[in-house]
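Each remark here refers to the structure printed beneath this line.
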Amino acid sequence: LQGLWRNELGSSMIVLALNTAGTFSGSYRTAVAATNKQILVSPLQGAQQHPSAKRHPTFGFTVQWRFSDSTTAFVGQCFVDHHGKETLETTWLLREEVLSHKDTWKATR
C-alpha cells in the first residue's frame, strides 16, 4: 500500500511504509466534502494484513478530518492485475458529530 494513491474523484492519499506489526500512517486530501470550510490534508492511521504470499491483501484505515467534526473509516482490498497494475477497492463510512442522540440517524453516511 505504500505510496501515493488517487481516486476517480480527485482525492489523494499518501501511505507511509508498513511497520512490522502491519500498521501504517499517512495523509488524505479529499476532493469531495459537504462543507464550505477550506479542505485540509488530514491524518490517517491503518492496518494491513501482514504482507505474505497473499497477492491481494485487505486493509482498513481511519481519517480524522481536520476541517470538520467527522471521522471516516475505510476498509478495502488491494488487487494486482497480471500486468502489475495495483487497484484499491474500498468502502467507507463517515460519522459526523450531532448535537443530540435523537439526531444520530442522520450522522452516518
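At-a-glance table
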{"item": "Per-region count, the stretch 77-91, residues at negative phi and part of a loop (DSSP other than H, G, I, E, B)", "result": "4"}
{"item": "Residues that are open to solvent by less than 70 Å² (accessible area, probe 1.4 Å) and more than 22 Å from residue 77 (Cβ to Cβ), drawn from the stretch 11-40", "result": "31, 33, 35, 39, 40"}
{"item": "Of all residues in the stretch 92-109 being assigned to a strand (DSSP E or B) and touching a residue at least 24 places away in the same chain (Cβ under 8 Å), the one that is least open to solvent (accessible area, probe 1.4 Å)", "result": "94"}
{"item": "Residues that are β-branched (Val, Ile, Thr) and touching a strand residue (DSSP E or B) at 6+ places or on another chain (Cβ under 7 Å), drawn from the stretch 15-38", "result": "15, 23"}
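The values are calculated or read from the model by the stated rules, or taken from the named source; none is laboratory data. Just so you know, these numbers come straight off a predicted model, no measurement behind them. Glycine gets a Cβ as well: all are built from the backbone with ideal geometry, and neighbour counts include every protein chain shown. Note: accessible area is taken over every heavy atom of the protein model, side chains too, but ligands, DNA and RNA are not part of it. Shrake-Rupley method; radii C 1.70, N 1.55, O 1.52, S 1.80 Å.
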